[in-house]
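Peer 1: One structure, pasted below without further comment.
The values are calculated or read from the model by the stated rules, or taken from the named source; none is laboratory data. All of these numbers come straight from a predicted model, not from anything done at the bench. Note: ideal-geometry Cβ built from the backbone for every residue, glycine included; neighbour counts use all protein chains shown. Surface areas here come from the heavy atoms of the whole protein model, side chains and all, with no ligands, DNA or RNA. Shrake-Rupley method; radii C 1.70, N 1.55, O 1.52, S 1.80 Å.
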Amino acid sequence: MSDWHSWAAIAVFVIAYVAIISERVHRAAAALAGAAAMLAISATDDKAAFFDEHSGIDWNVVFLLLGMMAIVGVLRQTGLFEYLAIWAVKRARGKPFRVMTMLIVITASASALLDNVTTVLLVAPVTLLVCERLALPAAPFLIAEVMASNIGGTATLVGDPPNIIIASRGGLTFNDFLVHLAPIAAVLTAVLVVLCRVMFRRVLVYDEDRAADVMVLGEREAIRDHRLLYQGLGVLALVVFGFVAHPVLHYAPSVVALLGAGILIAISKVETGEALKEVEWPTLAFFAGLFIMVGALIETGVIGEVSRALADATGGSELGATMLLVFGSAVLSGVVDNIPYVATMAPITADLAHGFGGDGVHVLWWALALGADLGGNATAIGASANVVVLGIAERNQQPISFWQFTKYGLVVTAVTVTIAAGYLWLRYFALG
């Protein structure tokens, strides 16, 4: 590719990126327009865009999301998540901090198995109901939950969209994420509970009368279809088993998710259209456009130049590259959505890992995942789940301002990223 193509590709990418950040244009429209522009200026071509596994659309990511969204679309109709939220409140006996702790743990755990956006979509409405019954402001609970979803999503391959991109680019398995990231995610969830106790102590006021009202709610009444619930949980368990058994079964995560979705729709009475209605098609289109744009940067040699410059900046130090990646990713993911950021950085990280002689499972991948996932908590636009929760709060007359979210997000991000950096140093350098 010529220098003209490189600069033109950079210009197209920057314009599309700015459009995504500004939110004046729907991110799917911005990504698709950017992809079309890349094809129009011949920064890439149809063969590379649609069929090249290294510089085109990553269909494994797209179909993994499609399958999991369809499964969640069926589970959502059972009332399972409403049941869990009411159950948690009753077990906490209506005491605000106990309620917040249990909702944090439930959200973080659910986000490890489901997409974090899906998790907050299901948990947030019930949280609003509980806060109304307890006469508590919803903002602290919603903020705590979305941060828990971003932390919990760090633990597994399917928990956060950036992890799916990282797994696909790095050739990492579901088990790799469990072994390397689940332990620190559990620790950081506990840290979040402590931070929330400090940050929200003034609003977590116990009202005995209100608590008594909540205790009369019947969680079993939340389950609308028991048969569908059993079917959905059974299929979800099989899907998770398929992820874990990848070294033996050799089925790609996308195949497992699609098989699970197909089986669940086939054995249940749910209409196919109803299940697929919950699929976030704009999100899938966004991924497709983004992959084509990033692929064009690879084709024109831009990614290679950036990776070489980054390697030079670290002075050839693997520890330096790890720390730069985790802290740099946290800062940048707080400014822009972490999905396009990781899509851009994944090929750079692959080049760096290869340069250090560590293809496959490598500490740099964990640095990128931790920095991007935890950095998403820094601001209201740092992660897709954040934007979703702010929208839900506004529609329910419980608005959360950008700065209200961010003043807490910066504290949580600074603490959790620092702990994560210490974990990487201790596990992979001091003890490795």
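Peer 1: Report the residue count in region 57-111 for those that are closer than 17 Å to Met215 by Cβ and in contact with a Ser or Thr (Cβ under 7 Å, 6 or more places away or on another chain).
Peer 2: 2
Peer 1: Restricting to region 298-315, name every residue that is farther than 14 Å from Asp351 by Cα and open to solvent by less than 50 Å² (accessible area, probe 1.4 Å).
Peer 2: Answer for region 298-315, where residues must be farther than 14 Å from Asp351 by Cα and open to solvent by less than 50 Å² (accessible area, probe 1.4 Å): just Thr300.
Peer 1: Taking into account only those residues within region 260-279 that are part of a helix (DSSP H, G or I) and among the small types (Gly, Ala, Ser), which is nearest to Leu75 (Cα to Cα)?
Peer 2: Ala275
Peer 1: If I ask for residues that are aromatic (Phe, Trp, Tyr) and touching a residue at least 60 places away in the same chain (Cβ under 8 Å), which ones from region 79-136 would you list? Full working, then the answer.
Peer 2: Of region 79-136, the ones aromatic (Phe, Trp, Tyr) are 81, 83, 87, 97.
Tyr83, Trp87, Phe97, listed by residue number.
Peer 1: Considering region 400-416 alone, what residues qualify as being farther than 13 Å from Val187 by Cβ, open to solvent by less than 80 Å² (accessible area, probe 1.4 Å) and not hydroxyl-bearing (Ser, Thr, Tyr)?
Peer 2: Going residue by residue through region 400-416, those that are farther than 13 Å from Val187 by Cβ are 400-414.
If we keep only those that are open to solvent by less than 80 Å² (accessible area, probe 1.4 Å) as well, we get 400-402, 404-406, 408-409, 411-414.
Selection gives Ile400, Phe402, Gln404, Phe405, Gly409, Val411, Val412, Ala414.
Peer 1: Mind counting the residues in region 331-375 that are open to solvent by less than 10 Å² (accessible area, probe 1.4 Å) and at pLDDT 90 or above?
Peer 2: Of the residues in that region, 12 qualify.
Peer 1: Among the candidates Val179, Val158, Val193, Val146, which residue alone is of a type in the set (A, V, I, L, M, F, W, C), more than 20 Å from Asn338 (Cβ to Cβ) and in contact (Cβ under 8 Å) with a residue 40 or more places away in the chain?
Peer 2: Val193
Peer 1: A further question follows. Tell me which residues, restricted to region 274-295, are surrounded by fewer than 18 Cβ atoms within 10 Å (Cβ to Cβ), touching a residue at least 60 places away in the same chain (Cβ under 8 Å) and of a type outside the set (A, V, I, L, M).
Peer 2: Residues satisfying the conditions are Glu274, Lys277, Glu278, Pro282.
Peer 1: A follow-up question, please. Could you look through region 218-235, keep only residues that are surrounded by fewer than 17 Cβ atoms within 10 Å (Cβ to Cβ) and more than 26 Å from the chain's Cα centre (by Cα), and pick out the one that is farthest from Thr406 (Cα to Cα)?
Peer 2: So the residue we want is Arg227.
Peer 1: Residues that are modelled with pLDDT under 80, within 18 Å of Phe429 (Cβ to Cβ) and surrounded by fewer than 24 Cβ atoms within 10 Å (Cβ to Cβ): does region 316-326 have at least one? Don't jump to the end; show me each part of the working.
Peer 2: Kept after step one, since they are modelled with pLDDT under 80, are these residues of region 316-326: 316.
Those left that are additionally within 18 Å of Phe429 (Cβ to Cβ): 316.
Subset that is surrounded by fewer than 24 Cβ atoms within 10 Å (Cβ to Cβ): 316.
Checked against the condition, which is being modelled with pLDDT under 80, within 18 Å of Phe429 (Cβ to Cβ) and surrounded by fewer than 24 Cβ atoms within 10 Å (Cβ to Cβ), region 316-326 yields at least one hit.
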